[in-house]
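*Asks:* Below is the structure I would like to discuss, written out as structure tokens.
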Amino acid sequence: MKIKEKESIGYLKYELKTFEKLPVKIWNEPLEASRHVAKSIALAIHQKQQDGEQIVLGLATGSTPIKVYEELVWLHKEEGLSFQNVVTFNLDEYYPMSKEARQSYWRFMHEYFFDHIDILPENIHIPDGTVPMEAVTAYCERYEKLIDLAGGIDIQILGIGRTGHIGFNEPGAWETSPTRMVRLDHLTRHDAAKDFQSEDDVPYRAITMGVGSIFKARTVYLLAFGQHKAHIIQQAIEGEITHSVPASFCKNTLIQGSYWTKPQQKN
Ligand code: PGA
């Protein structure tokens with residue numbers, strides 16, 4: 001094979017490691033992994049369009065998926081990828097949190113993704129951080145029901161927190177947990193402080209899809225970029241399945257791929 005051809009083929013660019021049931025792709029750069037995931041999502045959207053069907057995406061916030069969203073926006077603008085058949089469910093939102101607040105995940109998703117594509121507003125679902133406390137349980141049950149009514153999540157994008165959380169399922173979350181209100185771990189609040197004026201301003205609670213809701217997805221991409229994630233991603237994919245690392249439950253599912261950049265990589 002000519003060098004040029006070889007370079008253009010994405011699947012030759014990563015190392016593949018298989019830990020038990022879990023395929024892990026290790027890339028040199030977050031951008032390469034993000035492009036690969038975005039292209040896989042675009043292919044799945046196209047496939048569903050050809051079949052005249054909707055596709056349901058589970059979406060994450062945080063620094064990890066930003067490049068995936070940028071890539072999907074690029075595919076929309078430059079290659080005409082349409083999102084009209086896409087339904088989305090976001091993993092989580094701080095509680096309490098207004099949509100307009102600088103730190104809201106509602107705002108994050110619109111700024112990085114929804115405002116730049118042709119998704120139908122009624123197909124976007126993000127947990128609402130303004131629901132009155134006494135209505136939260138019913139709200140969460142309804143969110144879970146809406147996912148089921150949409151046909152379940154086809155592709156779930158996940159980051160991982162340094163506590164091993166997925167969504168805001170902190171250590172102690174059980175495997176079948178549904179969408180619900182949770183308390184944030186101390187380390188999670190500490191890491192979130194960079195987005196707030198101080199750690200004291202970080203909400204103590206959040207509404208999150210559960211571990212059970214997340215791993216019902218047919219395909220899951222778990223992404224972890226940077227040295228600071230190396231330890232926890234190793235525990236999640238190589239270690240025991242345990243409540244103290246909620247991401248480790250991914251080993252009980254038919255996960256499609258987890259992607260991480262080389263541990264020595266800084267980002
Ligand atoms: P990050 O957060 O992408 O900002 O590192 C990931 C997470 O907490 O799930």
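*Asks:* For region 49-59, which positions are buried (at least 18 other Cβ atoms within 10 Å of the Cβ) and either away from the ligand (no atom under 16 Å from the Cβ) or over 16 Å from Leu223 (Cα atoms) (or both)?
*Replies:* Ile55, Val56, Leu57
*Asks:* Another one. If Gly80 satisfies all but one of (1) at negative phi; (2) without any contact (Cβ under 8 Å) to a residue 40 or more places away in the chain, what's the number of the condition it fails?
*Replies:* Going through the list (1) at negative phi; (2) without any contact (Cβ under 8 Å) to a residue 40 or more places away in the chain, Gly80 breaks only (1).
*Asks:* Going through region 155-183 one residue at a time, which ones are of a type in the set (Asp, Glu) and buried (at least 22 other Cβ atoms within 10 Å of the Cβ)?
*Replies:* The one that is of a type in the set (Asp, Glu) and buried (at least 22 other Cβ atoms within 10 Å of the Cβ): Glu170.
*Asks:* Evaluate the following for Ile119: is it in contact with a Phe, Trp or Tyr (Cβ under 7 Å, 6 or more places away or on another chain), surrounded by 14 or more Cβ atoms within 10 Å (Cβ to Cβ) and assigned to a loop (DSSP other than H, G, I, E, B)? Full working, then the answer.
*Replies:* Working: in contact with a Phe, Trp or Tyr (Cβ under 7 Å, 6 or more places away or on another chain): yes; surrounded by 14 or more Cβ atoms within 10 Å (Cβ to Cβ): yes; assigned to a loop (DSSP other than H, G, I, E, B): yes.
So Ile119 fits the description; yes.
*Asks:* When Leu31 is evaluated against the numbered criteria (1) surrounded by fewer than 19 Cβ atoms within 10 Å (Cβ to Cβ); (2) at pLDDT 95 or above; (3) within 16 Å of the ligand (Cβ to nearest atom), which criterion, by number, is the only one it fails?
*Replies:* Against the list (1) surrounded by fewer than 19 Cβ atoms within 10 Å (Cβ to Cβ); (2) at pLDDT 95 or above; (3) within 16 Å of the ligand (Cβ to nearest atom), Leu31 comes up short only on (2).
*Asks:* Here is a further query. Testing Ile41 on (1) part of a helix (DSSP H, G or I); (2) farther than 22 Å from Ser213 by Cα; (3) away from the ligand (no atom under 16 Å from the Cβ), one condition comes back false. Which one is that?
*Replies:* (2)
*Asks:* Name the residue, out of Ile214, Ile237, Ile207, Ile241, that is aliphatic (A, V, I, L, M) and within 12 Å of the ligand (Cβ to nearest atom).
*Replies:* Ile214
*Asks:* Can I ask one more? Answer yes if at least one residue in region 179-197 is within 16 Å of the chain's Cα centre (by Cα), within 16 Å of the ligand (Cβ to nearest atom) and among the hydrophobic types (A, V, I, L, M, F, W, C), and no otherwise.
*Replies:* No; the residues of region 179-197 include none that is within 16 Å of the chain's Cα centre (by Cα), within 16 Å of the ligand (Cβ to nearest atom) and among the hydrophobic types (A, V, I, L, M, F, W, C).
*Asks:* Does Gly159 fit the bill of being within 16 Å of the ligand (Cβ to nearest atom) and on the phi > 0 side of the Ramachandran plot? Show your work before the answer.
*Replies:* Numbers: within 16 Å of the ligand (Cβ to nearest atom): yes; on the phi > 0 side of the Ramachandran plot: no.
No: the conditions fail for Gly159.
Residue by residue, here is whether (1) more than 17 Å from the chain's Cα centre (by Cα); (2) in a helix (DSSP H, G or I); (3) buried (at least 22 other Cβ atoms within 10 Å of the Cβ) holds:
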residue: Pro23; (1), (2), (3): yes, no, no
residue: Gln47; (1), (2), (3): yes, yes, no
residue: Thr61; (1), (2), (3): no, no, yes
residue: Thr64; (1), (2), (3): no, no, yes
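*Asks:* Okay, moving on. Please work out if Phe108 is of a type in the set (Phe, Trp, Tyr), within 16 Å of the ligand (Cβ to nearest atom) and surrounded by 14 or more Cβ atoms within 10 Å (Cβ to Cβ).
*Replies:* yes
*Asks:* A follow-up question, please. What number of residues within region 70-79 satisfy the criterion of being more than 17 Å from Leu120 (Cβ to Cβ) and over 17 Å from the mean Cα position of the chain (by Cα)? Give the steps one after another, and end with the answer.
*Replies:* Filtering region 70-79 for residues more than 17 Å from Leu120 (Cβ to Cβ) gives 70-71, 74-75, 77-79.
Add one more test, that the residue is over 17 Å from the mean Cα position of the chain (by Cα), and what stays is 74-75, 77-79.
Going through region 70-79 one residue at a time, the tally reaches 5.
The values are calculated or read from the model by the stated rules, or taken from the named source; none is laboratory data. Quantities reported herein were computed from a predicted structural model and do not represent experimental measurements. FYI the Cβ positions are ideal-geometry reconstructions off the backbone, even for glycines, and counts take in every protein chain you see.
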